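Asker: Submitted below is the structure of interest, expressed as structure tokens.
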Amino acid sequence: MLISLPVSTRAADTQSASDILQELRSFREMGSVLYVAAHPDDENTRLIAYLSRGRGYRTGYLSITRGDGGQNLIGPELGSELGVVRTQELLAARRIDGGQQFFTRALDFGFSKDYRETFRIWDRQQVLADVVRVIREFQPDVIITRFSTEPGNTHGHHTASAILALEAFKLAGDTNAFPDQLHDLKPWQAKRILWNGFPRGFGGRGTDSGTNTPPGLQLDIGGYNPLLGESYGEIAAKSRSMHKSQGFGSVGTRGNATETFQLLAGTPATNDILDGVDTSWSSFPGGSDWMEGDVEEIIAHFNPQNPAASVPALLALRKRLADLPAGSVIDYKRRQLDHILQGCLGLYVETSIPVAEAVPGEILKMRHSVMVRTDFPVRWTAVRYPAGGDELVTGPNLDGYVADLKPNQAAVRESLRTLPANTPLSQPYWLREEGTIGMFRVDDPSLIGRPENPPSFPVEFVFEIDGQTLIIPDEPVQVIGDRVKGEIRQRLEVIPPVSLNFPEDLALFAPGTAKPVVVEITSARAGATGSLHLDAPADWKVTPASYAFSLTNYDELARFTFTITAPPNTTTGKILATADIDGKSYHNRHVEIHHDHIPSILLQPPAQFKALSINLATRGHQIGYLPGAGDSVADCLQRMGYAVTLLTGADLTANRLHNFDAVVIGIRAFNTRTDLSQNLPGLFAYVEAGGNVIVQYNTSDGLQNTRLAPYNLKLSHDRVTDETAAMTLLVPDHPAFTTPNRIVPADFDGWVQERGLYFANEWDDHFTPLLACNDPDEPPRKGSLLVAHYGKGYFVYTGLSFFRELPDGVPGAYRLFANLISLGK
């Protein structure tokens, strides 16, 4: 089911009395709002907190993308890995502000200046279908966009998200629109769609459209929730602060806070965004005033010292709710009422496993624990496994197991169950198949819209309470006690018997030459035997054809060396490692991502190696690299044959640096490092004595020091997002274009995502701009690559996105960067 209650970070959810009362008030309300924007962190968390926590409405956030094309302030993850991190950040935010999270299949391909470019890269009809699907499933009374449908000084994805929301608003109720969805869903027409514009002066966006639109409907959302002990501005700040990879930590606000709304389509509103919407239970077939009256009675008599006293009334309400016809909203309310009932009973369930990883076909040893922390009679009647799997436990079958629970006394049953052999390996569903530059491929329509995968092996606890059956969903988790972090819970992940890895996922070959390439294979279980081979394009030669392997122990690592010979021409080859075991083929790497504010993430992408046949000349050998926000450029320099030494700010002295042929500054170092600004005199002295410094892009906002160079240099928001934009060599005979590699416009073919970002827009005359490029309908931008003589040395600032191009194996990026390092040699 697409719609679910907010997910807890722990499988065994617990509720305080104030949580229960808060959810009872939400159960009473039938209003619903869907917020739509383009990326993680675009949502108005204060409005979501107000609508969900304050007014009790079902409130969803539909993020068109997962933020894969952004930058990362907290780690090296980019691309699909960053998208998974930002997905989890959104889920963490929703656990705080009470909203529900949705996505489409659109891929964030990077900054887009124009919505028309966005629609050329996204499959517009697919994304529109996804928005319609979410509307039909969620059934919002009102839809709100964060951005205007009119183009303005903003991201093209932003404008596109609003255009899609408006189109979907009109189509979701049309039976002729996307009829394939109507096998499982019903048409749905929201009352209105509104644009929630930015306040003037917010980030320089004004009303976002750049026009002087009238103020429209205004709503004060700056209230205080005594049950939670916080204002909605305080809740929103905690929610927004989960977007740590974007650097959006926020400070809470208190007091009045006005939001403005413009009507885009539908019935106008005068006093409130839900004007004219019947938010009572009588608006649903079979619902009536008795439902609200019963809920009001339960709320009025709720005793926080004894929540179980409400159980008889909740059970009576539950029986009457069962008579209403099924539907996505009523089904949600049923699950919500069950969650309230579980909280009032103090009913705790947990399925623990010794290890959080399992191979398909092997036995899961599960420990099912239950405790009721009130004296209301509860009978535990069964544990069920919707995914199947053979039951291997001896003695009473859990389906027939009955236990009358005693207050504060744990009831435990152990079960051995096979994990079905056809269980898919754990991998975010949108990354299982290769998509396009603008779209993820999702073959199962039931997954579209979901924020993450459903449990790999779902579990259901079945209870009998005063003649009614209560089913509580669960999933197996490993419970870890960490001496610093305390309790850590890791959900079951399905893995192959071995994982594969290339220690170096990219190598540079001179055309026609051969290199040894190492493949690592690690056993996930003892006794893994099989054969290992590489699948390569026809023009790349691999020897030997295969290796046999036998791994005796768990976590045993073996390395095998293949010789790969490049073709005689410049080309790129993708090479896939494959392990064949018992008639099955496995290609997966094992990638773990850990950040303290989100659950641990396991990715199992294909183990691929990129081989680049390239004519590349280099000069110099010793490189100093000062890391910034996180990139893999230093690794790429080592692949080019350089010896790379990682530096700190304290190393930036002329004496320490004088042996380096070049010093390279990592991306956003001037934004993130606190030890750089005070050490700039030593860096500049190194240049003056004949050194060579290359500074990669920094954002113009949040600089630790406005001085970036020995001469005046100012950054802007200028960027060129069209990765195919024509590149003009302004000084073709400059050493950066001639030595030791001759750079020509063809060297800019095959660039990915963009040309560059945060170009300089003001510079001293000592700087020479070397390149000009521009997006359509814009003037040429000349601040992407600037070179200055300073004393005997060179100082370079570049906004070209080498941090993307080098790891992706773009030949021209390697040739140009080698030239920059060679300046003065």
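Asker: Please determine, by comparing only the residues of the stretch 111-124 that are surrounded by fewer than 23 Cβ atoms within 10 Å (Cβ to Cβ) and not hydrophobic (A, V, I, L, M, F, W, C), which one is nearest to residue 801 (Cα to Cα).
Answerer: 113
Asker: Can we say residue 300 is out of contact with any Cys (no Cβ under 6 Å at 6 or more places or on another chain) and open to solvent by 50 Å² or more (accessible area, probe 1.4 Å)?
Answerer: So residue 300 passes the test.
Asker: Scan the stretch 527-556 residue by residue and report those that are under 10 Å from residue 579 (Cβ atoms), hydrophobic (A, V, I, L, M, F, W, C) and either within 34 Å of the chain's Cα centre (by Cα) or not in a strand (DSSP E or B) (or both).
Answerer: 528, 532
Asker: Something else now. Check 650, 662, 611, 669 and return the single one that is within 36 Å of the chain's Cα centre (by Cα), surrounded by 20 or more Cβ atoms within 10 Å (Cβ to Cβ) and either farther than 23 Å from residue 741 by Cα or not aliphatic (A, V, I, L, M) (or both).
Answerer: Of the residues listed, the single one that is within 36 Å of the chain's Cα centre (by Cα), surrounded by 20 or more Cβ atoms within 10 Å (Cβ to Cβ) and either farther than 23 Å from residue 741 by Cα or not aliphatic (A, V, I, L, M) (or both) is 669.
Asker: Give 78, 47, 82, 51 a once-over and let me know the one that is out of contact with any helix residue (DSSP H, G or I) (no Cβ under 6 Å at 6 or more places or on another chain), under 30 Å from residue 635 (Cα atoms) and modelled with pLDDT of 95 or more.
Answerer: 82
Asker: Looking at this structure, is residue 563 farther than 30 Å from residue 423 by Cα and surrounded by fewer than 17 Cβ atoms within 10 Å (Cβ to Cβ)?
Answerer: yes
Asker: Moving on. Go through 77, 89 for me and flag whichever is of a type in the set (Asp, Glu), under 21 Å from residue 236 (Cβ atoms) and buried (at least 20 other Cβ atoms within 10 Å of the Cβ).
Answerer: Sole residue among the options that is of a type in the set (Asp, Glu), under 21 Å from residue 236 (Cβ atoms) and buried (at least 20 other Cβ atoms within 10 Å of the Cβ): 89.
Yes/no per residue for (1) open to solvent by less than 40 Å² (accessible area, probe 1.4 Å); (2) over 26 Å from residue 589 (Cα atoms); (3) touching an Asp or Glu at 6+ places or on another chain (Cβ under 6 Å); (4) touching a residue at least 40 places away in the same chain (Cβ under 8 Å):
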| site | (1), (2), (3), (4) |
| --- | --- |
| 463 | yes, yes, no, yes |
| 476 | yes, no, no, yes |
| 479 | no, no, no, yes |
| 482 | no, yes, no, no |
| 507 | yes, no, no, yes |
| 510 | no, yes, no, yes |
| 514 | no, no, no, yes |
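Asker: Ok, one more. Of all the strands (runs of 3 or more DSSP E) wholly in the stretch 282-393, which have at least 1 residues that are more than 39 Å from the chain's Cα centre (by Cα)?
Answerer: Filter on the stretch 282-393 gives 379-384.
Here is a yes/no grid of residues against (1) open to solvent by less than 20 Å² (accessible area, probe 1.4 Å); (2) modelled with pLDDT under 95; (3) under 24 Å from residue 670 (Cα atoms); (4) in contact with a Cys (Cβ under 6 Å, 6 or more places away or on another chain):
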| site | (1), (2), (3), (4) |
| --- | --- |
| 771 | yes, no, yes, no |
| 776 | no, yes, no, no |
| 780 | no, no, no, no |
| 793 | yes, no, yes, no |
| 798 | yes, no, yes, no |
| 802 | yes, no, yes, no |
| 808 | no, yes, no, no |
| 812 | yes, no, no, no |
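Asker: Give me a count of the residues in the stretch 137-160 that are over 23 Å from residue 275 (Cβ atoms), open to solvent by less than 10 Å² (accessible area, probe 1.4 Å) and in contact with a Phe, Trp or Tyr (Cβ under 6 Å, 6 or more places away or on another chain).
Answerer: 3
Asker: A further question on this structure: Look at residue 523 and say whether it is over 20 Å from the mean Cα position of the chain (by Cα), on the phi < 0 side of the Ramachandran plot and free of Cβ contacts under 8 Å to residues at least 40 places away in the same chain.
Answerer: yes
Asker: Now, a different point. Just checking: which of the strands (runs of 3 or more DSSP E) contained wholly in the stretch 395-479 hold 3 or more residues that are farther than 30 Å from residue 104 by Cβ and of a type outside the set (A, V, I, L, M)?
Answerer: Because the criterion is at least 3 residues that are farther than 30 Å from residue 104 by Cβ and of a type outside the set (A, V, I, L, M), the strands (runs of 3 or more DSSP E) in the stretch 395-479 that meet it are 411-418, 459-465.
Asker: What tally of residues in the stretch 249-275 results from selecting those that are outside any strand (DSSP E or B) and open to solvent by 70 Å² or more (accessible area, probe 1.4 Å)?
Answerer: 6
Asker: Between a residue in the stretch 568-585 that is open to solvent by 90 Å² or more (accessible area, probe 1.4 Å) and any residue that is among the β-branched types (Val, Ile, Thr), which pairs come within a Cβ distance under 9 Å, given they are 6 or more apart or on different chains?
Answerer: Taking only residues 6 or more apart or on different chains, the pairs are 582/529.
Asker: Read through the list (1) part of a loop (DSSP other than H, G, I, E, B); (2) in contact (Cβ under 8 Å) with a residue 40 or more places away in the chain, then give the number of the only condition that residue 731 fails.
Answerer: Evaluating residue 731 over (1) part of a loop (DSSP other than H, G, I, E, B); (2) in contact (Cβ under 8 Å) with a residue 40 or more places away in the chain leaves (2) as the failure.
Asker: Can you tell me how many residues in the stretch 109-139 are at pLDDT below 95 and assigned to a loop (DSSP other than H, G, I, E, B)?
Answerer: 6
Asker: Of all residues in the stretch 38-59, which are under 20 Å from the mean Cα position of the chain (by Cα) and assigned to a loop (DSSP other than H, G, I, E, B)?
Answerer: 38, 39, 40, 41, 42, 43, 44, listed by residue number.
Asker: I need a count of the residues in the stretch 619-642 that are at negative phi and open to solvent by less than 30 Å² (accessible area, probe 1.4 Å).
Answerer: 12
Asker: Restricting to the stretch 17-37, and then to whatever is part of a helix (DSSP H, G or I) and open to solvent by less than 10 Å² (accessible area, probe 1.4 Å), can you tell me which residue is nearest to residue 134 (Cα to Cα)?
Answerer: 27
Asker: Taking the stretch 162-192, which residues are touching a Ser or Thr at 6+ places or on another chain (Cβ under 7 Å) and either under 14 Å from residue 266 (Cα atoms) or among the polar types (S, T, N, Q) (or both)?
Answerer: Correct list: 165, 166, 191, 192.
Asker: Next up: Given the criterion within 30 Å of residue 567 (Cβ to Cβ) and of a type in the set (S, T, N, Q), identify the matching residue among 469, 513.
Answerer: After ruling out the rest, the residue left standing is 513.
Asker: Return the residues of the stretch 321-377 that are open to solvent by less than 10 Å² (accessible area, probe 1.4 Å) and free of Cβ contacts under 8 Å to residues at least 40 places away in the same chain; say none if nothing qualifies.
Answerer: Result: 321, 372.
Asker: Looking only at the stretch 68-97, how many residues end up being closer than 23 Å to residue 132 by Cα, in contact (Cβ under 8 Å) with a residue 60 or more places away in the chain and either among the hydrophobic types (A, V, I, L, M, F, W, C) or part of a loop (DSSP other than H, G, I, E, B) (or both)?
Answerer: 2
Asker: When the stretch 753-770 is examined, which residues are found to be out of contact with any Lys or Arg (no Cβ under 7 Å at 6 or more places or on another chain) and either assigned to a strand (DSSP E or B) or within 16 Å of residue 110 (Cα to Cα) (or both)?
Answerer: The answer is 755, 763, 767, 768.
Asker: Follow-up. Quick one: residue 723 ticks every box in (1) open to solvent by 50 Å² or more (accessible area, probe 1.4 Å); (2) touching a Lys or Arg at 6+ places or on another chain (Cβ under 9 Å); (3) among the charged types (D, E, K, R) bar one, so which box is it?
Answerer: (1)
Asker: Only one of these is in a strand (DSSP E or B) and in contact with a Gly (Cβ under 8 Å, 6 or more places away or on another chain): 561, 572, 578. Name it.
Answerer: None of the others qualify; the one that does is 572.
The values are calculated or read from the model by the stated rules, or taken from the named source; none is laboratory data. Because the structure is a prediction, the values reported are computed rather than measured. Positions of Cβ are generated from backbone atoms using ideal geometry, with glycine treated the same way; all protein chains shown enter the neighbour counts. We work out accessible area using only protein heavy atoms, side chains counted, and drop any ligands, DNA or RNA first. Shrake-Rupley method; radii C 1.70, N 1.55, O 1.52, S 1.80 Å.
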